Amino acid sequence: MIKKLLLGSLMSALAFTAGAHQHETTDHIFTPDTQRIKSHLFFLADDLLEGRDTGSKGHEIASLYIATEFAKYGLTPAGTEGYIQRVNFRKANLIQESPEFTLTRGGDTHEFAYPKEYLAGPSLMSTESNVSGELVFVGYGIVADELSHDDYADLDVEGKIVVTLAGKPSDFPSEEGAHFASGYQKQRYAAERGAIGMITITTPKNEKVRPYQSRLNYIHTPRMAWLDENDAPANSFPQLKGGAYLSEGAARTLFEGAQQSLDDVYAQLEADEVPAGFPLVGTVNLSKQSTHETITSPNVVGVLEGSDPELKDEYIVFSAHSDHIGIAKSVKQDKINNGAMDNASGTSVMLETARLFSAMDVRPKRSILFVAVTGEEKGLLGADYFARNPTVPVTSMVANVNLDMPILTYEFADVIAFGANHSSLQASVEKAAANADISLSPDPWPDQALFTRSDHYAFVKQGVPAVFLVPGLQSKDPNVDGSKVFGTFLSTHYHKPSDDIKQPFNWNAASTFTKVNAQIGWTLANQDEAPSWNDGDFFGETFGQ
Ligand SMILES: [Zn+2]
């Protein structure tokens, strides 16, 4: 610790004396107040907030608390009503008795059984869904020019229902693959080619990861989307009028009489080949009914204005989701999913970061925007809304640092910054970590594509370089195995009522994490050049401004 600090001040002194570097701002070592982090957590994870579900009173109270803290620090309100940016959502529930799925072939009609043979999610577009059409198998249903892959080549799907395999080809790179194989992209490829519905079929690989049987636990889960100014659900394709997810048995029936059987297709997957598409025999009719309700829930936004007359028009964005999953349907005594680690901890660290910046005598050059987003647990919805309806110009947001579910129970010796390898943010995170006497480790789970799985990705999709910062798996205490602690949290407490304030928080870890987070912001806000995507980076090329 001392050695690093000495080195830091020596380098600052050098920077000050060397003429060419006089404009470089010296490092600032932040001193977080752990008592404040603790008190935020005590409040946000309390039972009275009932698990902060999107649209609930508990989450409204959490948001009011965050806005009040922002006011206390003197942040400039940057929502649409003070600190609040209210978001309207449509919540759709499926009427469980309603789904019908029939296959007509050569005069015979076969009816599939819901939910034993197929699943149908609620429709966000209409309360009455009905679609009939011929079927075309389209492989994975992916079009990826960058990977020279087009499952729709030579297929005519205009006015037809496409049948796609779940997942993506095994040779796709993990993060790019997650982009191309997302539900949104697959629907887009189908809709753009004139399809009117989409049926997804499971694969043997997919069954190993998420068996059809396990999906039956989620058939009552509502679907949500934010509503635009015309009350239309975002990220939806109205031309796709129906869909279903098929079990292996039902899929086998669907392929009967076609030029290849389902087993022929599965054999190609087994051999790592990408199956080409072809028409299936017969027509199907899909119908279901959904109920719709409109709910409202806030993002909370505050800005610390920068000190440089020009650079203050650029924003470093800190984000953390304040929502969680609300009250469990379990019959056990404790039904409240407090979400202490997910993500009262990240929100608390962000609040302390905001306070540390606002307490500085010399403000950073760029402005810093703090946003507590809602709807993360419903599919990164609040962040997507903010990134698509930002309260500052989208091009002025030059970097995003996102905090989601930092496990603050052991003194970690490293941090992980998902996405750092895509942009110049890597160097800033490395420097911040070194100033806190820890290191930056590479992504330990590249095949999980975590870079695409939290709120920062909503900013990435608007071209903003971003990192998702979490404590690493190395421990300063030789008796603590960080990987094990993380694994146990996931298997035992993640999205369960036991993720509460009784978790063994380590306040030194909370302090170190806040320090690294603030230091990243400080570096980004003061460096001469705005952060940039690496040359030729896929995400920079795909979404860059
Ligand atoms: Zn969660």
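The values are calculated or read from the model by the stated rules, or taken from the named source; none is laboratory data. Here the structure is a predicted model, which means the values were calculated and not measured. With ideal geometry, Cβ positions are generated from the backbone for all residues, glycine too; neighbour counts draw on all protein chains shown.
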Looking at (1) without any contact (Cβ under 8 Å) to a residue 60 or more places away in the chain; (2) of a type in the set (Val, Ile, Thr); (3) within 23 Å of Thr542 (Cβ to Cβ), which one does Val138 not meet, given that it meets all the others? (1)
For segment 360-383, what are the residues that are within 16 Å of the ligand (Cβ to nearest atom) and buried (at least 18 other Cβ atoms within 10 Å of the Cβ)? Ala372, Val373, Thr374, Gly375, Glu376, Glu377, Lys378, Leu380, Leu381, Gly382, Ala383
Examine segment 393-403 for a residue that is within 15 Å of the ligand (Cβ to nearest atom), part of a helix (DSSP H, G or I) and under 19 Å from the mean Cα position of the chain (by Cα), and state whether such a residue exists. no
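Here is a yes/no grid of residues against (1) aromatic (Phe, Trp, Tyr); (2) assigned by TED's automatic domain parsing to the domain that holds Ile37; (3) surrounded by 16 or more Cβ atoms within 10 Å (Cβ to Cβ); (4) assigned to a loop (DSSP other than H, G, I, E, B):
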position	(1), (2), (3), (4)
Ile416	no, yes, yes, no
Asn421	no, yes, yes, no
Gln426	no, yes, yes, no
Asp443	no, yes, yes, yes
Asp499	no, yes, yes, yes
Phe505	yes, yes, yes, yes
Ser511	no, yes, yes, no
From (1) in contact (Cβ under 8 Å) with a residue 24 or more places away in the chain; (2) of a type outside the set (Lys, Arg); (3) on the phi > 0 side of the Ramachandran plot, pick out the condition that doesn't hold for His110. (3)
Would you kindly identify the helices (runs of 4 or more DSSP H) lying entirely within segment 1-105 that contain at least 2 residues that are modelled with pLDDT under 95? 2-17
Which numbered condition in (1) surrounded by fewer than 16 Cβ atoms within 10 Å (Cβ to Cβ); (2) closer than 19 Å to Gly183 by Cα; (3) at pLDDT below 95 is the only one that Asn217 fails? (2)
Could you run through segment 297-325 and say how many residues are acidic (Asp, Glu) and within 12 Å of the ligand (Cβ to nearest atom)? 1
Flag if Leu473 is assigned to a loop (DSSP other than H, G, I, E, B), within 16 Å of the ligand (Cβ to nearest atom) and on the phi < 0 side of the Ramachandran plot: no
Quick one: in segment 326-359, of everything that is surrounded by fewer than 18 Cβ atoms within 10 Å (Cβ to Cβ) and modelled with pLDDT of 95 or more, which residue is farthest from the ligand (Cβ to nearest atom)? Ala359
Do you know which of the residues in segment 59-89 that are surrounded by 23 or more Cβ atoms within 10 Å (Cβ to Cβ) and out of contact with any Ser or Thr (no Cβ under 8 Å at 6 or more places or on another chain) is nearest to Glu377 (Cα to Cα)? Tyr83
So for segment 114-135 (the condition being part of a helix (DSSP H, G or I) and crowded, with 20+ Cβ neighbours inside 10 Å), does at least one residue qualify? no
For segment 404-421, which positions are within 16 Å of the ligand (Cβ to nearest atom) and among the aromatic types (Phe, Trp, Tyr)? Phe418
Just the residues that are modelled with pLDDT under 95 and either under 17 Å from Phe412 (Cα atoms) or not basic (Lys, Arg) (or both), please, taken from segment 448-476. Gln448, Ala449, Leu450, Phe451, Thr452, Ser454
Among (1) closer than 30 Å to Leu48 by Cβ; (2) surrounded by fewer than 20 Cβ atoms within 10 Å (Cβ to Cβ); (3) at pLDDT 95 or above - the single one Asn534 does not satisfy: (1)
Going through segment 268-299 one residue at a time, which ones are of a type outside the set (Gly, Ala, Ser), crowded, with 20+ Cβ neighbours inside 10 Å and closer than 18 Å to Gly121 by Cβ? Val284, Leu286, Lys288
Would you tally the residues in segment 472-498 being of a type in the set (Asp, Glu) and in contact (Cβ under 8 Å) with a residue 60 or more places away in the chain? 1
